[in-house]
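Asks: First the structure, which I've put down as structure tokens, then a few questions once you've had a look.
Taken together, the values in this text are just the output of simple stated rules run on the coordinates, not laboratory data. Just so we're clear, the structure is a prediction, and the values are computed from it rather than from any experiment. When we count neighbours, we look across all protein chains shown, and the Cβ atoms used for this are built from the backbone with ideal geometry, even at glycine.
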Amino acid sequence: MHEELLTYHSPYFRAALTGGFKEAEDKAVTLYGEHVPIVEFFVHWLYYQCLPNADAPIDLYDAWSDGEAGGELMTSNLIELYVFADKFDVPGLKIRAMTDLFSHIEDAESTILPLADDIRYAFGNLPEHAPLLQFLADTYCHWARSTMWEHFGRDDWPPAFLGRVLRHYTEYAHGDRDRFLYKDPCDYHAHRDGEERLACETAQGLVHDA
């Protein structure tokens, strides 16, 4: 990969490749334990500033999406890619993954919520303040039906996730939260200020010039 791309988009790689570390001398960074497809999605985003679509190489797109309504594979990939972006400090990729995950779940013909494995992965690999964790709880509160809990196994779900869901349901029950006031992607982007949020919303077409 081109060093300029890595150092521009990631303070982590900038420090590794330009600081006083062995990586800077060797011009190589080893990514221990990362899944190869996730790294390939990251490289694709670096060069094209978008995630794989039907125009991408067929093997990359097949690894990205199963092509089914609800898209369980794409959901898992977006969550894992968000975790990767958080770990290696790639803020632009975090925003892209969060925005696409929001749209993917909201727009699916038959919404399939993130599976328990995905939720365990997110809660096990992100700090508790990560916006994605809030999104997962909000998503279950907004979309889940009672039938989803019929075969509930408490060991399947992280306690921190269940705590957030129960807290939200309590807020709904007491009128402190409007179930139908669903948020937009920028609520989960952790923008630094209102100006940055406005710019992001405008870029997404959520705000239109008068």
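Asks: Using a simple charge model, +1 on the beta-carbon of Lys and Arg, -1 on the beta-carbon of Asp and Glu, nothing else, what dipole does the stretch 31-112 show about its Cα centre, in debye to the nearest 20?
Replies: Dipole size: approximately 360 debye.
Asks: If you don't mind, another one. What distance in nm separates the simple spin-label points at M148 and L115, each placed 7 Å from Cα in the Cβ direction?
Replies: Each label point is offset 7 Å from its Cα along the Cβ direction, giving 1.6 nm.
Asks: Let's test the formula: R0 of 35 Å, r as the Cβ-Cβ distance of A173 and E34. What FRET efficiency results, to the nearest 0.05?
Replies: Plugging the Cβ-Cβ distance into 1/(1 + (r/R0)^6) gives 0.25.
Asks: Also, quick follow-up: When the dipole is taken about the Cα centre of the chain, and only Lys, Arg (+1) and Asp, Glu (-1) are charged at their Cβ, what size is it in debye, to the nearest 20?
Replies: With only Lys, Arg, Asp and Glu charged at Cβ, the dipole is about 620 debye.
Asks: Determine which lysines satisfy two conditions relative to K94: a Cα distance under 25 Å, and not lying fewer than 8 residues away in the same chain.
Replies: Reachable lysines: K27, K183.
Asks: Which FRET efficiency value, to the nearest 0.05, do you get for L162 and E72 by plugging their Cβ-Cβ distance into 1/(1 + (r/R0)^6) with R0 = 22 Å?
Replies: 0.55
Asks: Give the order of I105, I58, I112, I79 when sorted by the count of other beta carbons within 10 angstrom, beginning with the fewest.
Replies: Neighbour counts put them in this order, fewest first: I58, I112, I105, I79.
Asks: Could I ask something else about it? I'd like the FRET efficiency for Y8 and D59, computed as 1/(1 + (r/R0)^6) with the beta carbon distance as r and R0 of 22 Å, rounded to 0.05.
Replies: So, using R0 = 22 Å, E works out to roughly 0.20.
Asks: Taking every Cα atom in the stretch 32-92, find the radius of gyration and the maximum pairwise distance Dmax, and write them in Å.
Replies: When restricted to Cα atoms, the stretch 32-92 yields Rg and Dmax of 11.3, 33 Å.
Asks: Which angle from 0 to 90°, rounded to the nearest 10, does the C-alpha axis of helix 194-204 make with the longest principal axis of the chain?
Replies: 90 degrees
Asks: Given Cα pairs under 8 Å that are at least 6 residues apart, what percent is the relative contact order of the chain?
Replies: Taking the mean separation of contacting Cα pairs over the length of the chain, I get 15 percent.
Asks: Helix 72-87: angle to the longest alpha-carbon principal axis of the chain, degrees 0 to 90, nearest 10?
Replies: For 72-87 against the chain, the angle is about 60 degrees.
Asks: Report, by chain and number, residues whose modeled amide H sits under 5 Å from the one on H191, excluding near sequence neighbours (fewer than 5 apart, same chain).
Replies: Result for H191 returns nothing.
Asks: Then there's this: For a quick check: sort C50, C141 by the number of other beta carbons within 10 angstrom, fewest at the front.
Replies: C50, C141
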